[in-house]
Amino acid sequence: MVLIFDDDRQEWVGHEQEQRIVELHGRDAVRQDKALRGAVAVLAVCGLVFGAWALGWKDEPQPTGYLTVLDRPARGAGAGAEAEGGDTAAPSPAGVPPAPYEEVSDEEGYRLALPRGWVRDVDRGDEGYNVVNYRSPKGDRRLQVYRVAESSPYASLRAWLKMPPPVGFDQLAPLKRSDDGGRPAARLDYAADRFQGEPDIGGWHVIDHRFEAVDGKLYALAVYGSGADGRDEEEEFMTTALSWFCPPDEICPAPPSSD
């Protein structure tokens with residue numbers, strides 16, 4: 001009898017026994033193949049389910065963030081604005097002239113601040129410079145601006161005083177030198193009964209201010225108003241006009257709010 005060594009069992013077996021062993025190995029291989037195919041199928045199904053779930057999760061809407069803006073009182077509003085009656089005036093915004101003035105860019109290149117609704121005209125000055133006039137609708141108030149040719153503001157006003165004065169001229173204060181931000185200036189304060197070409201309003205009050213501007217050139221600003229209502233209105237007008245004045249071809253910052 002011939003014996004054969006079985007490597008799997010690690011023993012010597014006969015021919016018939018070897019045949020049974022071969023058959024058993026064959027059945028085991030078939031079973032293992034079926035089990036392997038089943039495992040692969042299960043894994044494939046699991047993969048499809050996971051992929052579908054992942055795609056569905058990705059397409060779900062994301063959480064939305066919201067910014068809540070709280071209502072705040074307007075700038076400058078306070079207890080006075082909320083008081084009964086609401087008569088407290090709001091301060092002028094930065095970079096805007098105080099009411100009732102508005103910023104004006106004149107055709108000659110000047111930046112000015114004027115009451116709303118004033119009318120402009122231009123005269124030719126003696127020194128060859130245009131004299132710009134802005135008048136109120138009634139003609140009882142006026143702003144005049146122009147270049148001057150003299151060597152200094154004081155000298156310019158001294159030269160004006162040597163000319164024939166308007167009717168009823170009355171110098172209200174001595175000719176005054178001043179210093180506008182480190183630049184020379186001078187001022188003449190006077191009254192007059194009337195001016196040629198202007199309406200008869202029962203007497204005028206005039207402030208004539210001559211000064212060196214940021215461009216190093218000399219200019220005149222003159223404000224005219226009724227002499228019957230005091231001088232405060234012209235003083236206020238001159239203060240606003242000077243603070244907002246900017247000569248041609250210059251960039252000037254807006255003055256701070258006076259409120």
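The single condition among (1) open to solvent by 40 Å² or more (accessible area, probe 1.4 Å); (2) on the phi > 0 side of the Ramachandran plot that K217 does not satisfy is (2). Residues of segment 150-171 that are without any contact (Cβ under 8 Å) to a residue 40 or more places away in the chain, among the hydrophobic types (A, V, I, L, M, F, W, C), surrounded by 12 or more Cβ atoms within 10 Å (Cβ to Cβ) and touching a strand residue (DSSP E or B) at 6+ places or on another chain (Cβ under 9 Å): A155, L161, F169. For segment 234-259, filtering for residues that are in a helix (DSSP H, G or I) and either more than 31 Å from the chain's Cα centre (by Cα) or on the phi > 0 side of the Ramachandran plot (or both) leaves 1. Residues that are touching a Gly at 6+ places or on another chain (Cβ under 7 Å), at pLDDT 95 or above and open to solvent by 30 Å² or more (accessible area, probe 1.4 Å) occur at least once in segment 177-193. Are any residues in segment 215-240 aliphatic (A, V, I, L, M) and modelled with pLDDT of 95 or more, and if so, which ones? Those that are aliphatic (A, V, I, L, M) and modelled with pLDDT of 95 or more: L218, A220, L221, A222, V223, M238. Here the condition is being in contact (Cβ under 8 Å) with a residue 12 or more places away in the chain, on the phi > 0 side of the Ramachandran plot and either acidic (D, E) or outside any strand (DSSP E or B) (or both); of G197, G202, it holds for G202 alone. Note on segment 102-161: residues that are of a type in the set (G, A, S), touching a Pro at 6+ places or on another chain (Cβ under 9 Å) and under 20 Å from P248 (Cα atoms) amount to 3.
The values are calculated or read from the model by the stated rules, or taken from the named source; none is laboratory data. Nothing here was measured: the structure is a model prediction, and the numbers come from that model. Neighbour counts are summed over all protein chains in view; Cβ atoms, including those assigned to glycine, are modelled from backbone coordinates with ideal geometry. Heavy atoms of the whole protein, side chains included, go into the accessibility calculation; ligands, DNA and RNA do not. Shrake-Rupley method; radii C 1.70, N 1.55, O 1.52, S 1.80 Å.
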